[in-house]
Every structure is written in structure tokens, then in C-alpha cells.
Amino acid sequence: MTALTLGGLMAPAVSTFDAHGELDRAAFESNLDAHLAHGVDGVLVAGSSGESALLDDQERRSLLTWARGRVPTSKWLLAGVGSESTRQTISRIHDAKAIGATAALVVSPHYYLRRMTEPALLAHFRAIADASPLPLLLYNIPVYAHVVLSPAFVQEMSQHDNVIGMKDSAGNLPMFTQYLESQNAAFRVLTGSGATVVPALQAGASGAILAPALFAGPAVRMMFDVARNGRAEEALAMQVRMAPLATDIGGAFGPAGIKAAMDMVGLHGGATRGPLLSLSNDERAIVHARLASAGVLPS
């Protein structure tokens, strides 16, 4: 693969756990098979939907190894590798390279938030890009990282030979259009916002990594393709129907909501890892209602 092929629709896989809280390989692989059957162009392992902050490094290696055995080499296999430490992030990328990942997704460090100035972030990401044996994607997700990557930062990093793109999950369309100004033959911008994916694609996004593709794969694939084919009104109508799957399931409830939705459609969601709690009955009722309204489940 080359940077010119970065794009399409990708799924940010959940990390499945058994009754003892350990990784469940069979469930994870079964989910991947289902996502691939629904036509995704790639898979992200250890992203936000995969409870990345709650995984240790051996678990990341295991998940990535299992995914490599399932995801064809003709499709993207992205590894979430970001950590609070520049050193640890680089170490994780070397692990991902050894296992066979296509590229690495790097979220901003944020524990020392007041010191995460633009110069600090530039130093961090440049050091990673310089040392990385894999091409990198920047990851902008302010709701979790509490850091907003500025358009100037993205423009600067887009010039690095080893940075091939970014995933923006903020859903801020005015800011997103500024990120798009950094796109070129070697740097592509992907949206991670299921609530705004159609306008993002219409504005020029090269692809998407979407949590609703985990539990509404065929419908999300259809919406993505309709938008890509220029059927604007039809795509926007689909977006209106599908947006609550992003805002009221993944957005409101995070991995617990995504996993509940996966259970409801016959995939393997299961429990989240502490400190995250599974949904209450009232919250599960909301998830069911949104799936039914979108036509993913019978009403």
C-alpha cells in the first residue's frame, strides 16, 4: 500500500473481554469477520472504541496479531499506539511493525495538559515520525484527549515524509475544512465523526473510521458509497437517519454503548473494562430505540 490509497471506510474494532475480564480471542475474530463481510476497507485496533487506554502493551500485541491473521493485506490494518510518553509510543510502533500493521494512529498526550503546548506537541510528533518504522496518522479527538490539533499544527506535520494522514473525530465541520487544506498526494484527512460523515466526504475527506460501522455495517457502507457516488440528497437523508447512532450511542455512552449495540445486532460486545461500567437498563433502552429508528433493528 501507499499513501495514495489511504481512504475508504474503516471500522475501529472493540476489544472483547471474557467473563474473567481477559481478552476473548474468538469473539474478537468473529467480529472482525463480520466487519470484513460488511465491506470495510480496513480495521483500527486499539483505538478509542477499543478501550485503548485500558489495555496493556501485551494485550495490544495480542489484538493486533489476531487482527493480522484475519484482515487481508489488501486492506488497512491500523494500530492505535499513542501514549503519554514519546518513548513508549515509539516502542509500541515497533511492536506494531513487527506484527504487520499497515500504519500507526497516534493520539496526543494529555496528562500534563497545561504543558502540551504546540511546541511540545510538535516535538513529540516529530520525534515519533522520525523514529517510526511505520507511516503515521495524527489523531484528533478532543472529547477524550482534551487537546485540539490546530490547522497550523496539521499543516506543519503534513510536510513530514512519514506522516500520511489524520483522523479527526471532533465533528467540527468548519475546523475540518481547515484540516482539508493540508491534503495533498501524500497526506489524507479521514473523518471519525459518524454524525457528520456525509458533509465531510462532500467537503473532500478521503475516507472515514466510524464506530457505527461496528454495529450498523451494511447501512453505514451504503451511506458512505452513496455519498461517494455524488448522490447528495439521498446521502444527506441517510445521514439524518444514521446520525443518532453516532451521537446517542458512541458519543453519549462511549465503548459501553457501542458494545451494547453490537450485542443487540448479534455481534460480540460484552462487558467493558473497569473503570467503565456497562449500560443501565434505561441506557440500553435508548440504544435499542436508536437502532430501531435507524432501521438496524425491528421497531
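Bear in mind that the values in this text are calculations on the coordinates, not laboratory data. Here the structure is a predicted model, which means the values were calculated and not measured. Glycine also receives a Cβ, built like all others from the backbone with ideal geometry; neighbour counts cover every protein chain displayed.
Here region 202-269 is treated as a Stokes sphere of Kirkwood radius computed over C-alpha pairs; at 20 °C and 1.002 mPa s its diffusion coefficient rounds to 171 µm²/s. In terms of Cα atoms, the Rg and Dmax of the chain work out to 17.8, 52 Å. Shape of region 46-121 from its Cα gyration tensor (a ≥ b ≥ c, root eigenvalues): rounded if a/c is under 1.5, otherwise prolate when a/b > b/c, or oblate? Prolate, because a/c is 1.5 or more and a/b exceeds b/c. The Cα trace of region 181-299 gives Rg and Dmax of 15.1, 48 Å, the first to one decimal, the second as a whole number. Straight-line reach from K97: taking Cα to Cα under 22 Å and skipping same-chain neighbours fewer than 8 places apart, the lysines in range are K75, K167.
The convex hull of the Cα atoms of region 116-248, projected and averaged over all directions, covers 8.3 nm².
Could you please report the charge total around A292, scoring K, R as +1 and D, E as -1 over all other residues with beta-carbon less than 13 angstrom from its beta-carbon? Charge balance near A292 sits at +2. Taking trypsin sites (Lys or Arg not before Pro) across region 192-244, the ones in a DSSP loop with at most 13 further Cβ atoms lying within 10 angstrom of their Cβ are R231. In whole angstrom, how far apart do the alpha carbon centroids of region 47-107 and region 233-281 sit? For region 47-107 versus region 233-281, the Cα centre distance is 23 Å.
Of the beta bridges DSSP finds with both residues in the chain, what % are antiparallel, to the nearest 5?
Taking every DSSP beta bridge with both residues in the chain, the antiparallel ones total about 5 percent.
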